[in-house]
Amino acid sequence: MLSLKSSIDDPEILDEINEYHNLYYETRKELTINNLPKDLRNSKVVKSIIVSIDELKNGDYVYLEDFKKKISVK
């Protein structure tokens, strides 16, 4: 659905898509953190999870195969 955003002209629909997108990732963060074993619920691990999920949300990631190619070139 997000890949189709560029073809949608209606601002209300775009707002709904963005709201859903944001809620999805916020819920994902909460569930991931809440399901951690208690001994892993420290600030460093929680911050890492938040940063990682924010990167996914913003599309700031590299596919594993692309990463492997990049490493093998060096």
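The values are calculated or read from the model by the stated rules, or taken from the named source; none is laboratory data. What you see is a predicted model, and the numbers here were worked out from it, not measured in a lab. Here Cβ is always computed from backbone atoms with ideal geometry, including for glycine, and neighbour counts include all displayed protein chains. Keep in mind that these areas ignore ligands, DNA and RNA; they rest on the heavy atoms of the full protein, side chains included. Shrake-Rupley method; radii C 1.70, N 1.55, O 1.52, S 1.80 Å.
Before moving on, here are some points about what is shown:
- 12 Å beta-carbon shell around Val45, net charge (K/R +1, D/E -1): +3
- Total charge dipole magnitude, the chain, about the Cα centre, Cβ charges on Lys, Arg, Asp, Glu only, Debye to nearest 20: 860
- Residues in the stretch 31-46 carry Karplus couplings, in order, of 5, 4, 5, 5, 8, 5, x, 4, 6, 9, 7, 10, 4, 5, 5, 4 Hz; the curve used is 6.51 cos²θ - 1.76 cosθ + 1.60 with θ = phi - 60°, and Gly or Pro positions show x.
- The stretch 18-60 - percent of accessible surface contributed by carbon and sulfur, probe 1.4 Å: 53
- Protection-proxy order for peptides 23-33, 62-72, each taking the mean of Cβ atoms within 10 Å per residue, highest first: 23-33, 62-72
- Proximal lysine pairs, the chain, alpha carbons under 19 Å, eight or more residues apart or interchain: 7
- Taking Cβ atoms as reference points and 13 Å as the exclusive limit, the residues near Glu55 contribute a net charge of +2, counting Lys and Arg as +1 and Asp and Glu as -1.
- Dipole orientation for the chain: of the candidates Leu36, Gly59, Ile8, Leu36 has the Cα lying most toward the positive pole (charges on Cβ; Lys, Arg +1; Asp, Glu -1).
- Cα-Cα pairs of the stretch 5-74 separated by more than 20 Å (percent): 52
- Surface accessible to a 1.4 Å probe, per residue, for the residues of the chain, Å²: 87
- Environment charge at Asn34 (Cβ cut-off 12 Å; Lys +1, Arg +1, Asp -1, Glu -1): +3
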